[in-house]
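Remarks on the structure that follows.
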């Protein structure tokens with residue numbers, strides 16, 4: 001019984017975190033948790049646990065999906081692709 005209450009509290013907390021991350025209402029946030037659990041073959045409690053532990057953030061996932069962007073192959077962690085030819089050309093023009 002106590003484990004079930006803890007899981008419910010975790011789902012409730014995760015729902016609130018998703019509400020803030022995406023700027024949506026409670027029902028929509030819970031729907032997102034359920035949808036994520038369904039697509040990954042997990043329980044809502046498992047997904048909620050990851051959200052609360054900050055191993056899963058809906059903001060980054062939703063933003064990338066909405067914009068059709070995400071990390072590029074060959075990109076550094078800061079998003080740079082390591083190609084600094086433009087900077088080099090500018091240096092040559094000045095020098």
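Throughout, read-outs are computed from the coordinates displayed, never taken from laboratory work. Quick caveat, the model's predicted, so the values are computed rather than measured. Methodologically, a virtual Cβ is constructed for each residue, glycine included, from the backbone with ideal geometry; neighbour enumeration extends over all protein chains shown.
The slack in the chain from residue 37 to residue 1, taken as 0.36 nm per residue of separation less the alpha-carbon distance, amounts to 10.7 nm.
Please compute the length gained on full extension between residue 20 and residue 8, using 0.36 nm multiplied by the number of residues separating them and subtracting their Cα-Cα distance. Before the final figure, lay out the partial values.
Details: separation 12, 0.36 × 12 = 4.32 nm, distance 1.87 nm.
The span from residue 20 to residue 8 would gain 2.5 nm if fully extended.
Size descriptors for segment 2-68: radius of gyration and Dmax over Cα atoms are 11.4, 42 Å.
Taking other Cβ atoms within 10 Å as a rough exposure proxy, 17, 1 sort from fewest to most as 1, 17.
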